[in-house]
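Everything below concerns the one structure shown next.
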Amino acid sequence: MKPIFKLFATAAAVAAAFPASANSINFNDNDNETTERVIITAGRQAQVAKDVLADNVVITAEDIAKSGATSIVDLLQQQRGIEISRTGGAGSVSSIFVRGAGNAQSVVYIDGVRIGASTTGGATWSTIPLAQIERIEIVYGPLSSLYGADAMGGVIQLFTKKSSKGTSANVSFGAGTDHLRKLSAGIFGADQSGFQYALNAARENSDGFSASKPASGAFTYNPDKDGYTQKSFSGNLAWKLDPNWTAGVNFLQSTLDVRFDAGASYDDRSQQKMDNTAAFIKGKVSADWSTSLQYSRGNDRVFSDASYGKSNAETLQRGWNWQNNVAFGRDVLQLIVEKREEDVKTTTAGVGGERDTTSYAAAYTLKQDAHLATASVRRDRSSQFGSHNTYNLAYGYRLTENLRANISYGTSFRAPSFNELYYPGYGLDINRPELGKNKEIGLLWDDNVTMFSAVYYENKITDLLATANPCPVQQSTHKYGCAYNINKATLSGFTFSASTKFDQLILRATLDIQDPKDDLTGKRLARRSKQHATLGADYRWQDWTFSLENVLSSERFDDQANKNRLGGFGVLNLVANYQFAKNWNVLARWNNVADKKYELARNYNTPGSNVYIGLNHGFN
């Protein structure tokens, strides 16, 4: 463990030396030209990042391209405040923990469409194709007052590739270890009549490696390779009806065929499908009043063929959203009405069903001289668990042009998943939503060259749904325990981030010191560390860019009782980009340079040292 803590000390030293960042700093060919970073998710409206009070990270198209990351999960692991768990390689079951919150305690959107499985309560991360994504926004902290149920740890929104001013093409292909092969192609553009289009297709497959280790036991271990094949297609079509009004359609389809381990006697496999579509119209009613109306439809389906049998689970979500923004000078009043319908169908008796949620929200954003403030309130009325009210208050003060201090308080809730309510022998239909109360204080410096952010947060969660064994009620039908509102949890910690630019060198670092614990037992929540950090550097020399990434974590536990320890780790990745012609570049990425052996889930393998080489056109 000593080398790990030495690396943490280095991360802390970097964070102290370079005042930390809310967003990334990129190379700019014109040093006199600055581009204001904009974020949409934090307030459901486009805002300059400097004016956003919620802690946030924006991952741009340039960040994604130069990283060479091969999956969404790997890319998110490099961000502050985020940890991951995964039962094998890319394509296997993955979870994202935002500030210590569970996978089901954060909300995920793609182009404004909420995704996820109502059976498990969280996003199916392995199904989301990175090849279709050009931008990611991460907003930390409770956002139920804007987004409703489950936004306890934060909201992550992904944006698919959009049109360009003129017609352009995008081609990318590459290969790597374990016979990894990737191919994507797209066309983007607009015509003089106001029609804009973006169409992108991708395919990715790998032979993989065995997901499980022999220690996982006879009912799990299988020495065969667990590969995957993913096919995806996305599109964004928009029509400018007149100077003030636009209508359009967005869609994303993804199919993932993946093998997994459930014993040596069978070739276990699953197919995961995601299909999201949204139609919208937006425009200006007057100079100070803009409005948007969206209808969305999302489908999340998982079919498994395993040694223990075949199963199918499908979540169909339909939603209406009407949002109005009214400007009063620099201030903005928002009024939101939403309708969300969830329809669950499974082969497990008793788990299927429907629930509808109708929501009303209002928010106000104030900008007066050195003062910034936001206030939001929302009421969600569910056909399944009744009504819940949430609110959020935040205030920021600019101490100087580049330095700001903020403070906030907000409430949130998470709706029980269908499994926690109805799964035979586990779920209880009397389970209630989890409730959260979060307070935080932060400091942000940003002068477009050096950025620094330091945040302390404390998120108190009551009625935490956990496995109770023995089950407090209905023991005759729940002999091996049940999901029950027995626990309280506290998610608290400090999160730091820093980045700075010296001519052609960019340095960055993040550090999280956290204490995600079960208040009833005093134990740490499963698969969460006490400290985790990242270190990075980018250096540009002529047409070359060289990057270094270091992801570090202290020990974790795989279980609620904190008996099964997962050791700390440090993983070093190296990336080189060479632009050999306009809009053409070749990328080489070497992951896990030292071939570190570590676990993200007990008795499951992680990738060893591996390489990827790709040729790209159209990323610049």
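Structural remarks
- Applying a threshold of 7 Å to beta carbon distances and a minimum spacing of six or more residues, or different chains, the list of pairs starting in the stretch 458-479 at a residue that is open to solvent by 60 Å² or more (accessible area, probe 1.4 Å) and ending at one that is hydroxyl-bearing (Ser, Thr, Tyr) reads Lys460/Thr490; Asn469/Tyr480; Pro472/Tyr484.
- Test result for Asn585, open to solvent by less than 30 Å² (accessible area, probe 1.4 Å) and at pLDDT below 95: yes
- Within the stretch 283-305, if we keep just the residues that are open to solvent by 60 Å² or more (accessible area, probe 1.4 Å) and over 26 Å from the mean Cα position of the chain (by Cα), the residue that is farthest from Asp356 (Cα to Cα) turns out to be Ala287.
- Selected residue (only one of Ala169, Ala175, Ala185 is closer than 18 Å to Ile64 by Cα, part of a strand (DSSP E or B) and free of Cβ contacts under 8 Å to residues at least 40 places away in the same chain): Ala185
Here's the yes/no breakdown for (1) touching an Asp or Glu at 6+ places or on another chain (Cβ under 7 Å); (2) open to solvent by less than 40 Å² (accessible area, probe 1.4 Å); (3) closer than 19 Å to Asp150 by Cβ:
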position	(1), (2), (3)
Lys310	no, no, no
Gly319	yes, yes, yes
Arg330	no, no, no
Glu342	yes, yes, yes
Tyr360	no, no, yes
Thr365	yes, yes, no
Val377	no, no, yes
Asp380	no, yes, yes
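- Scanning the stretch 216-269 for residues that are farther than 29 Å from Pro607 by Cα and open to solvent by 30 Å² or more (accessible area, probe 1.4 Å) yields Leu237, Trp239, Lys240, Leu241, Asp242, Pro243, Asn244, Trp245, Val249, Phe251.
- Qualifying positions in the stretch 557-584 - assigned to a strand (DSSP E or B) and touching a residue at least 40 places away in the same chain (Cβ under 8 Å): Phe569, Gly570, Val575, Asn577, Gln579
- Hits in the stretch 597-620 - residues which are more than 16 Å from Thr177 (Cα to Cα), modelled with pLDDT of 95 or more and either in a loop (DSSP other than H, G, I, E, B) or open to solvent by less than 30 Å² (accessible area, probe 1.4 Å) (or both): Lys597, Tyr598, Glu599, Leu600, Ala601, Arg602, Asn603
- Qualifying positions in the stretch 270-282 - surrounded by 16 or more Cβ atoms within 10 Å (Cβ to Cβ), closer than 30 Å to Gly329 by Cβ and of a type in the set (A, V, I, L, M, F, W, C): Phe280
- Test: residue in the stretch 432-446 that is under 24 Å from Gly148 (Cβ atoms) and in a loop (DSSP other than H, G, I, E, B): yes
- Filtering Val351, Val337 for residues that are touching a Phe, Trp or Tyr at 6+ places or on another chain (Cβ under 6 Å) and under 21 Å from Gln323 (Cβ atoms) leaves a single hit, Val337.
- Residues considered: Gln560, Gln531, Gln514. Of these, the only one that is at pLDDT below 95 and under 25 Å from the mean Cα position of the chain (by Cα) is Gln560.
- Any hit, the stretch 203-210, residues being free of Cβ contacts under 8 Å to residues at least 60 places away in the same chain, open to solvent by less than 60 Å² (accessible area, probe 1.4 Å) and hydrophobic (A, V, I, L, M, F, W, C): no
- For the stretch 376-385, the count of residues that are assigned to a strand (DSSP E or B) and aliphatic (A, V, I, L, M) is at least one.
- Residue among Gly112, Gly189 that is open to solvent by 10 Å² or more (accessible area, probe 1.4 Å) and modelled with pLDDT under 95: Gly112
- Within the stretch 383-412, considering residues that are over 25 Å from the mean Cα position of the chain (by Cα) and buried (at least 16 other Cβ atoms within 10 Å of the Cβ), the one modelled with the lowest pLDDT: Phe385
- Top-ranked residue in the stretch 480-525 [being hydroxyl-bearing (Ser, Thr, Tyr) and part of a loop (DSSP other than H, G, I, E, B); ranked as most open to solvent (accessible area, probe 1.4 Å)]: Tyr480
- Hey, Ser163 at negative phi, surrounded by 18 or more Cβ atoms within 10 Å (Cβ to Cβ) and modelled with pLDDT under 95 or not: yes
The values are calculated or read from the model by the stated rules, or taken from the named source; none is laboratory data. Since the model is a prediction, treat every value here as computed from it, not as a measurement. In this analysis, Cβ positions are derived from the backbone assuming ideal geometry, glycine residues included, and neighbour counts consider all displayed protein chains. For accessibility, only protein heavy atoms count, side chains too; no ligands or nucleic acids. Shrake-Rupley method; radii C 1.70, N 1.55, O 1.52, S 1.80 Å.
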